[in-house]
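Quick notes on the structure that follows.
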Amino acid sequence: MSSFPPEGAFLGLEPPACDPARARFAVLPVPYEKTTTYAQGTAQGPAAILTASAQVELYDERGEDEPYEAGITTLPPFPFPGPPEALAPALEKKVGEILGRGQVPVILGGEHSITLGPLRAVKRAFPTVGVLHFDAHGDLRDEYEGTNYGHGCVMRRVLEEKVAIVQVGVRSLSSEEAAITRRARPGAVEKPPAGECLTFYAHDLASFGDALPSAIASCLPDPIYLSFDVDGFDSSLMPATGTPEPGGLLWEPVLRIIDAAARARRIVAMDFVELMPRPGLHACEFLTARLVYRAIGSVVRGKKNP
Ligand SMILES: [Mn+2]
């Protein structure tokens, strides 16, 4: 299996489970880091996730199933030396190939700026696609630190693709960003039209109570691109990221939201970004690997193509 990355296949799978010809999911490591602003190291994220994933239990007690049986292949890492505006078309092509094989791309970052190219490829295959975006940050700036394509601007560029976004867990954004998104509140949750954004702020989540997952699922477009910045988690749970923020999401609520989203809508692509591995904090790497596999499980059990 010489085509596999040196870190090994996701979950340490061996053929036939990781056979590219039959896999429903294709894991694409993108160790890209050019525009991070606070601390550095997300380029090591994909390798750390793959290494940790070998320790993840294959049985999923939530679904009482083994989601890997759907087939998960792992592609070689996608290295890219240029700026994010040049990365986008390169990744768009790569992800278009994965979609063309009928597979669900599962992209491991790297910094959040990697999302734009894959989103464009998904939009071409699924014109009504919307984004379910977990993040501490709005990522809706028009420009940040001299670029329009950095990790703080990525969802602004996504809006320009006439794609709707539903954000969850946001607790750090500028007034400029707050002005271009709508705040979701109990009784005031509406599906955002294409090119618009609805935000479930972190401080509002408790007021939804147990209805939170269904409230989020109810306003999602179909199908869904899941873009998960690990700093959406509370910084106590996920300190290994470039811009950790207190007051964030915990593990169980996140899984319930993804489960509800996958039952209500088709999830056709996913990315997991901004893990910054730190020595001694392997729990964060393991958490991310676990999250990726739980999300795959949700998709396997979720809404199918018509
Ligand atoms: Mn973020």
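Take each peptide in 158-170, 56-68, count the other Cβ atoms within 10 Å of every residue, and average; sorted highest first, the result is 158-170, 56-68.
As a footprinting exposure proxy, order HIS282, HIS203 by other Cβ within 10 Å, with the fewest listed first. Working shown, then result.
Values: HIS282 15, HIS203 10.
Lowest count first: HIS203, HIS282.
Calculated translational diffusion coefficient of region 19-141 (20 °C, 1.002 mPa s; Stokes-Einstein with Kirkwood radius over alpha-carbon pairs) equals 136 µm²/s.
Per DSSP helix of 4 or more residues, -39500 (n - 2.57); summed, then divided by the residues of the chain. What does that give at 222 nm, rounded to the nearest 500? Intermediate values should be presented prior to the final figure.
Numbers: 8 runs with 89 residues, N = 306.
One gets -9000 deg cm²/dmol as the mean residue ellipticity at 222 nm.
Put in order of Cβ neighbour count within 10 Å, fewest first, the listed residues TYR201, TYR225 become TYR201, TYR225.
Under the shape rule built on the C-alpha gyration tensor, where the axes satisfy a ≥ b ≥ c, region 55-122 is prolate, since a/c reaches at least 1.5 and a/b is greater than b/c. What net charge do the residues around GLY110 carry, taking every other residue with its C-beta under 12 Å from that of GLY110, with Lys and Arg at +1 and Asp and Glu at -1? Net local charge, GLY110 excluded: -4. Taken as entire DSSP H runs, the helices of the chain that both span 18 Å or more between Cα atoms along their own long axis and average 0.5 or more on the Kyte-Doolittle scale are 282-301. Annotation: peptides 128-134, 241-247, 80-86, ranked by per-residue average of other Cβ atoms within 10 Å with the highest first, follow the order 128-134, 241-247, 80-86.
Can you bin region 136-195 into rounded, prolate or oblate? Criterion: square roots of the alpha carbon gyration tensor eigenvalues sorted a ≥ b ≥ c, rounded for a/c under 1.5, prolate for a/b above b/c, oblate for the rest. Taking the square roots of the gyration eigenvalues as a ≥ b ≥ c, region 136-195 is oblate. The antiparallel fraction among DSSP beta bridges confined to the chain stands at about 10%. Look at where the Cα atoms of region 206-276 and of region 25-55 average out, and the two centres are 18 Å apart. Relative contact order of the chain: 21 percent, from C-alpha pairs under 8 Å at least 6 residues apart in sequence. Modelled label positions at ASP65 and SER218, each set 7 Å beyond Cα in the direction of Cβ, lie 2.6 nm from each other.
Could I have the simple spin-label model distance between ARG183 and LYS162, label points 7 Å from Cα toward Cβ, reported in nm to one decimal? Label at ARG183, label at LYS162, 3.1 nm between them. Extension gain, ASP204 to ALA283, is 25.7 nm, computed as 0.36 nm per intervening residue step minus the present C-alpha separation. For a paramagnetic label modelled at 7 Å from the Cα of ARG24 toward its Cβ, which residues of region 255-292 fall within the zone defined by backbone nitrogen distances under 11 Å? From region 255-292, the list is 267.
Sorted on the mean count of surrounding Cβ atoms within 10 Å across their residues, most packed first, peptides 96-105, 229-238 read 229-238, 96-105.
Checking the a/c ratio against 1.5 first, then a/b against b/c, what shape does the Cα gyration tensor give for region 208-274?
On the way: a/c = 2.82, a/b = 1.47, b/c = 1.92.
Verdict is oblate for region 208-274.
Every read-out reported here was derived from the displayed coordinates using simple, explicitly stated rules and does not represent laboratory data. Nothing here was measured: the structure is a model prediction, and the numbers come from that model. With ideal geometry, Cβ positions are generated from the backbone for all residues, glycine too; neighbour counts draw on all protein chains shown.
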